[in-house]
Structures are given as structure tokens and as C-alpha cells.
Amino acid sequence: MALQRQSAQENQFLSSETKESFIAPGLTIEGKIEGAGNVRIAGRFKGEINVKGDVIIEQGAHVSGEVRAENIVLSGEIEGNIHAESRAELLETGVLMGDLKASSLTVAAGSHMRGKVDFGWEERGADKVVPIEGSGSSL
């Protein structure tokens with residue numbers, strides 16, 4: 001189901017050709033979401049989300065579980081870790097209680113987070129130790 005009401009910030013991630021799944025306000029769903037496409041949550045979801053697309057958690061929504069996606073926009077609440085392959089954005093009403101890993105991170109004033117943050121590192125280079133030339137010591 002496609003949803004037409006989108007903020008300008010949320011809309012930048014969604015292309016008009018991509019399908020979007022929607023959990024409406026007032027709905028509570030438990031399980032696993034995986035596949036290709038975008039997911040917008042305005043209700044409550046408990047479980048794992050793993051998509052090749054974007055995930056948008058609207059203000060007032062609550063997710064309990066791990067979230068993995070290309071881009072993640074958080075206006076609601078997540079209790080669990082998130083991993084954004086490209087970009088994570090915590091908007092002013094966003095609350096994250098868990099760890100965050102992303103290539104790029106934007107945090108708005110007013111958002112809240114409790115957990116570890118890892119951003120800006122490439123997967124391949126994150127674990128490499130490069131010796132400093134001429135230091136006279138080896139690791």
C-alpha cells in the first residue's frame with residue numbers, strides 16, 4: 001500500500017517507482033519483514049526488519065527489534081540496534097535505545113539516543129590497522 005503523506009525529509013529517500021509497505025497507526029504486528037522495497041511504520045512492530053530499501057519510523061510509532069536497511073529515518077521510537085547501509089537520520093522526535101551503525105548519520109536537535117554509534121567507516125577498512133611509517137615500532 002502506498003502512502004501519499006510524506007515529509008520533505010522522508011520523501012527524499014523514496015523514489016516514485018519503489019513500492020512501499022505500510023503499518024498504519026493503531027496496528028500492532030509481530031514477526032519478520034525482509035525483502036526488497038520500502039517500509040513505513042506508523043503503528044507498532046516487534047521483530048526484525050531487513051530490507052533492501054528504506055525504512056521510515058513515523059512519529060508516534062514504536063519498533064522493538066533490529067532494523068537493517070539502505071536508509072533509515074527515525075521520527076518515532078526504536079528499541080534495538082539499527083544498521084543503515086547508506087544513511088541514518090534521527091529527526092527531532094526520534095528516540096533510539098540501541099546501537100547505530102551507518103555510513104552517514106544526521107542527528108536533529110531534540111532527538112534522543114542511548115547506545116553506541118559507528119558511522120563514516122567503510123566496511124573493508126574499519127578493521128584494518130595501518131602501521132605508521134618510521135615509527136620504529138610494530139604492532
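Partners of Lys116 within straight-line reach, counting lysines whose Cα lies under 19 Å from its Cα and excluding those fewer than 8 residues away in the same chain: Lys101. Taking a straight Cα-Cα cut-off under 16 Å and skipping sequence neighbours fewer than 8 places away in the same chain, the lysines within cross-link reach of Lys32 are Lys46, Lys52. In this simple spin-label model, placing a label point 7 Å from the Cα along the Cα-to-Cβ direction at both Thr93 and Ile29 gives a separation of 2.0 nm.
Quick one: net charge around Lys46, please, counting Lys, Arg +1 and Asp, Glu -1 for every other residue with C-beta under 14 Å from its C-beta. Result for the local shell: -3.
Rule-based calculations on the coordinates, nothing more; no lab input. Treat the numbers as computed from the prediction; the structure is a model and nothing was measured. Because the Cβ atoms are built from the backbone with ideal geometry, glycine has one as well, and the counts that use them run over all protein chains shown.
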